[in-house]
Amino acid sequence: MGEKNREQIEKLKEMIEDSSSIVFFGGAGVSTESGIPDFRSVDGLYHQKYDYPPETILSHTFYRNHTEEFYRFYKDKMIGFRAAPNTAHRKLAQWEKEGKLKAVITQNIDGLHQMAGSQKVLELHGSTLRNYCEGCGKFFDVEYIRQAPGIPCCDVCGGVVKPDVVLYEEGLDQQILEEAVSFIKSTEVLIVGGTSLVVYPAAGLIDCYRGHKLILVNRDPTGRDGMADLIVQGFIGEIFGEL
């Protein structure tokens, strides 16, 4: 680790220790160290070969028109692995328990923040752990989807069981979005981690921040680096492990 990065980590540590009002906003990079692939990284899903691009498969239109193929991809690439929380997830849960962290706002759909012990988690894009029958509304866990042959159907009414995730072409939950905006507007420290800040409307949330302690923690530079009060570059799990 370079001397400059170590200085930045020390600054980050001081800012966290001095604050009791922190909000964390995270993306795919928070979970890659748990083995969950990032859509846009060099070895992520966007660089693998399929009959259709992942962005097409994970769209509302494709789900409706090619449901069986949607689930073939979804089971293989979205829930085809079992992951455990990493250092970043556990550190955030620790800060919440200590009364420092007020909320985690995440673009991820893996449920790892809750597995680590975080209580206040706003899932902008839903969760693979929640699945509902489109006919009667019965709840099903992720194992039901994982083990179902072909299209998962309800064992009560026979309806298709849909993951509670926001597909492309679908809107975000307005209540969750409004709550996220409220937390970001009122927090003293905003830590943005593991996200390239290119997916909207989620990426636009940092424009709601009113404070002067915007911290960006990411492996690569982002288009919003000029807004940041502190930038710490690297893998978020490794960085949070130093705090």
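Laid out as a table, the results:
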item: Alpha-carbon centroid distance for the pair the stretch 69-145 / the stretch 206-238, whole angstrom; result: 23 Å
item: Helix-derived mean residue ellipticity, 222 nm - over the chain, DSSP H n ≥ 4, -39500 (n - 2.57), to 500; result: -8000 deg cm²/dmol
item: Dipole axis of the chain (+1 Lys, Arg; -1 Asp, Glu on Cβ), positive-most option in VAL232, GLY26, VAL121; result: VAL121
item: Solvent-accessible area per residue, Å², over the chain with all protein chains present [probe radius 1.4 Å]; result: 48 Å²
item: For the chain, size of Cβ-based charge dipole, Lys and Arg +1, Asp and Glu -1, in debye; result: 200 debye
item: Carbon + sulfur, % of accessible area of the chain - ligands and nucleic acids excluded, 1.4 Å; result: 49 percent
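The values are calculated or read from the model by the stated rules, or taken from the named source; none is laboratory data. If you're wondering where the values come from, they're calculated on a predicted model, not measured in any experiment. Using ideal geometry, Cβ is built from the backbone for each residue, glycine included, and neighbour counts are taken over all protein chains shown. Ligands, DNA and RNA are excluded from the accessible area calculation, which covers all protein heavy atoms including side chains. Shrake-Rupley method; radii C 1.70, N 1.55, O 1.52, S 1.80 Å.
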